[in-house]
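*Asks:* First the structure, which I've put down as C-alpha cells, then a few questions once you've had a look.
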Ligand code: UT7
C-alpha cells in the first residue's frame, strides 16, 4: 500500500499588516502585554473585497504550480476552516469553482485549529486506499471580520490573524517516505470554552438584533482553560506520534506545531524534549491563523530548507471543540 506524500505546499496572507500598536489604537491593550503573553508582534487582516476563498485560491494555485500540476489534475478538495464565507454551502465548493473545477468532491472540515490535521488524516486514508491521487488540502481563515475589536474582546482579538495555506497530497511508494501516522482526538465537554454561539439554528430565531447586541456572533474564550489543555494535549499527541512509530525525540528533525501562543509552543517543546532547532515558530508574524497555521508554517519552513528527504516531521495542533491531534511524516 502506498503512503501519502506532501507533493507541495503554498501559502498566502492578505496585504494589510496589523501591528500590536495598531490594536492599541482600537482597544485597551499594549505591544508589551501581547508580546509577553503570546509572542505575537504582527498579523495580517483582510481588506474590503477579500474573502477566505480568495485567500485559499492564491495559496492553492501556488501549491498546485509548485507540484508541477494544473488545477485540473486535482481529484479532491478538502477545505478546513472555522470562518467560512457563508453559512451554506461550505467554502470547498466555492474554491472548486474558483479553480475552474467540476465533478470532484469538495469536503468541508470544521475542526478549528486542528482542522489541517483532521483533513490530513482523511486525505491520508483516501490516498492509501487509492480513492484519490491528487488531494488539495487547504486551511484558510478570515478571523478579523468576526473579532470583537473593542476592549471587551481584547483577550481574543489580539491573538488571531487571517491567512491561507495549502498542500497537494499524493501517493508515494518509496523508502518508507510519506505520512507515517495521524492521531486525532476531541472532547466535546469543553465545546463552549472557545466558541461562537450564534447565529445558529440552536437559536429561535436563529439570528436577532438582540443576539447581535449581546455579541454572541463574536468568538469568546476561557483563555486559561484553553491554555492548560493545549499545553498538555499537544505534547501528549506528539508522544503518541513518536511511540506509534518507534521514534524518539532525537529522531525528530522538525516539529511544526499549531501556532496558537508562543508560551504554549515553548511548553510543548519542553514537554516533548525537543531542542530549539527542532521546533518551527512563526507566530510572531502571523498570530493564530487556526486551520491555516500549520500549512503556512510548513511552507515557510520548507522555503528555509528546514526539511530534507528522509527527515522526520511531526505536526501537532489543539483548538476549539476541544479538538487536537498529531501527524508524523517521513519527508
Ligand atoms: O488555538 C487555541 C486558541 N486559543 C489559545 O491558544 C489561547 C490560549 N490562552 C492564552 O493564550 C492566554 O490565556 C491569553 C493570552 C489569552 C491570556 O493570557 P493570560 O495570562 O491567561 O491572561 P488572563 O486571561 O488571565 O488575563 C490577565 C489580565 C486580565 O486583567 P486583570 O483581571 O488581571 O486585571 C485581563 O483582563 O490581562 C487582561 N487582558 C489584557 N490586557 C491587555 C486580557 N487581554 C488583554 C489584552 N491586553 N489584549
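*Asks:* Counting only residues that are surrounded by 24 or more Cβ atoms within 10 Å (Cβ to Cβ) and part of a helix (DSSP H, G or I), how many does region 124-156 have?
*Replies:* Residues in region 124-156 being surrounded by 24 or more Cβ atoms within 10 Å (Cβ to Cβ) and part of a helix (DSSP H, G or I): 1 in total.
*Asks:* For region 299-323, name all the residues that are within 13 Å of the ligand (Cβ to nearest atom) and under 24 Å from residue 5 (Cβ atoms).
*Replies:* So in region 299-323, the residues within 13 Å of the ligand (Cβ to nearest atom) come out as 316-323.
Within region 299-323, 316, 317 meet the criteria.
*Asks:* Specify which of the listed residues (145, 177) is more than 16 Å from the ligand (Cβ to nearest atom) and within 19 Å of residue 286 (Cα to Cα).
*Replies:* From the options 145, 177, the qualifying one is 145.
*Asks:* Being more than 11 Å from the ligand (Cβ to nearest atom), in contact with a strand residue (DSSP E or B) (Cβ under 7 Å, 6 or more places away or on another chain) and in a loop (DSSP other than H, G, I, E, B): is that true of residue 170 here?
*Replies:* Working: more than 11 Å from the ligand (Cβ to nearest atom): yes; in contact with a strand residue (DSSP E or B) (Cβ under 7 Å, 6 or more places away or on another chain): yes; in a loop (DSSP other than H, G, I, E, B): no.
No: the conditions fail for residue 170.
*Asks:* Return the only residue of 283, 296, 264 being within 16 Å of the ligand (Cβ to nearest atom), free of Cβ contacts under 8 Å to residues at least 60 places away in the same chain and either under 14 Å from the mean Cα position of the chain (by Cα) or in the same structural domain as residue 236 (by TED's automatic domain parsing) (or both).
*Replies:* 264
*Asks:* Would region 140-156 turn up any residue that is modelled with pLDDT of 95 or more, touching a strand residue (DSSP E or B) at 6+ places or on another chain (Cβ under 6 Å) and closer than 13 Å to residue 6 by Cα?
*Replies:* no
*Asks:* Hey, which of the strands (runs of 3 or more DSSP E) in region 1-113, taking only ones fully inside, have at least 2 residues that are away from the ligand (no atom under 16 Å from the Cβ), on the phi < 0 side of the Ramachandran plot and surrounded by fewer than 21 Cβ atoms within 10 Å (Cβ to Cβ)?
*Replies:* Fully inside region 1-113 and qualifying: 3-12, 16-19, 106-109.
*Asks:* I would also like to ask the following. Can you tell me which of (1) more than 25 Å from residue 317 (Cβ to Cβ); (2) in a strand (DSSP E or B) is the one residue 203 doesn't meet?
*Replies:* Going through the list (1) more than 25 Å from residue 317 (Cβ to Cβ); (2) in a strand (DSSP E or B), residue 203 breaks only (2).
*Asks:* Across region 216-260, what is the number of residues that are in a loop (DSSP other than H, G, I, E, B), surrounded by fewer than 17 Cβ atoms within 10 Å (Cβ to Cβ) and either within 16 Å of the ligand (Cβ to nearest atom) or within 17 Å of the chain's Cα centre (by Cα) (or both)?
*Replies:* Matching residues across region 216-260 total 1.
The values are calculated or read from the model by the stated rules, or taken from the named source; none is laboratory data. This is a predicted model, so every value here is computed, not measured. No Cβ is skipped: glycine too gets one built from the backbone with ideal geometry, and neighbour counts run over all protein chains shown.
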